[in-house]
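Single-structure report; data block below.
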Amino acid sequence: MVEIDTYFRINNEFVLIEEFSNQFSDIDYIEGAIILKINSVTILSLETWDYIDQLWAYIINGLETIMLKENYFTYFPDQAIGFFVRNKRKRFSKGFY
C-alpha cells in the first residue's frame, strides 16, 4: 500500500495541502514536504522538506526509471540531501546521503 500526503511549510509550520487556502508570498519558492509510505515504511517525512513543487517534479521524473526496475537517484532541489530508490527483489529500499 502506498500512502502520500503533501504539506506546505508556512512560517516554519507544516500545513496539509488540502487545508491551505492562503496565497504564497513567492510562487517561485514554495517550501513543503512529502510524506511517502510504502507498505508502512516511511520513505519521506516532514524532516526532509524542500521546495515542494520542484521536489515533486524530481520524484515524478524518476517514476519511469523506477517502473523500469532500475535504481533512481536525485538530490533534493535546495538541500544537501541525496535520495535514492533501489529495486531489491521487487521491493523498494530507500536511503539518504
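Within the range 6-38, which residues are polar (S, T, N, Q) and at pLDDT below 90? Walk me through how you get there before you give the answer.
At the first step, the residues of the range 6-38 found to be polar (S, T, N, Q) are 6, 11-12, 21-23, 25.
Of everything in the range 6-38, just one residue is polar (S, T, N, Q) and at pLDDT below 90, namely 25.
Any chance the range 71-81 includes a residue that's in contact with a strand residue (DSSP E or B) (Cβ under 7 Å, 6 or more places away or on another chain), of a type in the set (S, T, N, Q), surrounded by 16 or more Cβ atoms within 10 Å (Cβ to Cβ) and not in a loop (DSSP other than H, G, I, E, B)? Steps first, answer last, please.
So in the range 71-81, the residues in contact with a strand residue (DSSP E or B) (Cβ under 7 Å, 6 or more places away or on another chain) come out as 71-79, 81.
Then keep just the ones that are of a type in the set (S, T, N, Q); that gives 71, 74, 79.
Checking the rest, the ones that are also surrounded by 16 or more Cβ atoms within 10 Å (Cβ to Cβ) come to 74.
Then keep just the ones that are not in a loop (DSSP other than H, G, I, E, B); that gives 74.
Taking every residue of the range 71-81 in turn, at least one turns out to be in contact with a strand residue (DSSP E or B) (Cβ under 7 Å, 6 or more places away or on another chain), of a type in the set (S, T, N, Q), surrounded by 16 or more Cβ atoms within 10 Å (Cβ to Cβ) and not in a loop (DSSP other than H, G, I, E, B).
I'd like to know if the range 54-64 contains one or more residues that are without any contact (Cβ under 8 Å) to a residue 24 or more places away in the chain and of a type in the set (Val, Ile, Thr).
Taking every residue of the range 54-64 in turn, at least one turns out to be without any contact (Cβ under 8 Å) to a residue 24 or more places away in the chain and of a type in the set (Val, Ile, Thr).
So, in the range 1-38, how many residues would count as being under 18 Å from residue 81 (Cα atoms), of a type outside the set (A, V, I, L, M) and free of Cβ contacts under 8 Å to residues at least 24 places away in the same chain?
Number of matching residues: 2.
Name, by its number, the condition in (1) surrounded by 13 or more Cβ atoms within 10 Å (Cβ to Cβ); (2) modelled with pLDDT of 90 or more; (3) polar (S, T, N, Q) that does not hold for residue 65.
Exception for residue 65: condition (2).
Could you please find all residues in the range 25-59 being of a type outside the set (Val, Ile, Thr) and either in a strand (DSSP E or B) or touching a helix residue (DSSP H, G or I) at 6+ places or on another chain (Cβ under 8 Å) (or both)?
Filtering the range 25-59 for residues of a type outside the set (Val, Ile, Thr) gives 25-26, 28-29, 31-33, 36-37, 39-40, 44-47, 49-51, 53-58.
Of everything in the range 25-59, those that are of a type outside the set (Val, Ile, Thr) and either in a strand (DSSP E or B) or touching a helix residue (DSSP H, G or I) at 6+ places or on another chain (Cβ under 8 Å) (or both) turn out to be 31, 32, 33, 36, 37, 44, 50, 51.
The values are calculated or read from the model by the stated rules, or taken from the named source; none is laboratory data. If you're wondering where the values come from, they're calculated on a predicted model, not measured in any experiment. All Cβ positions, even for glycine, are placed from backbone atoms using ideal geometry, and neighbour counts span all protein chains on display.
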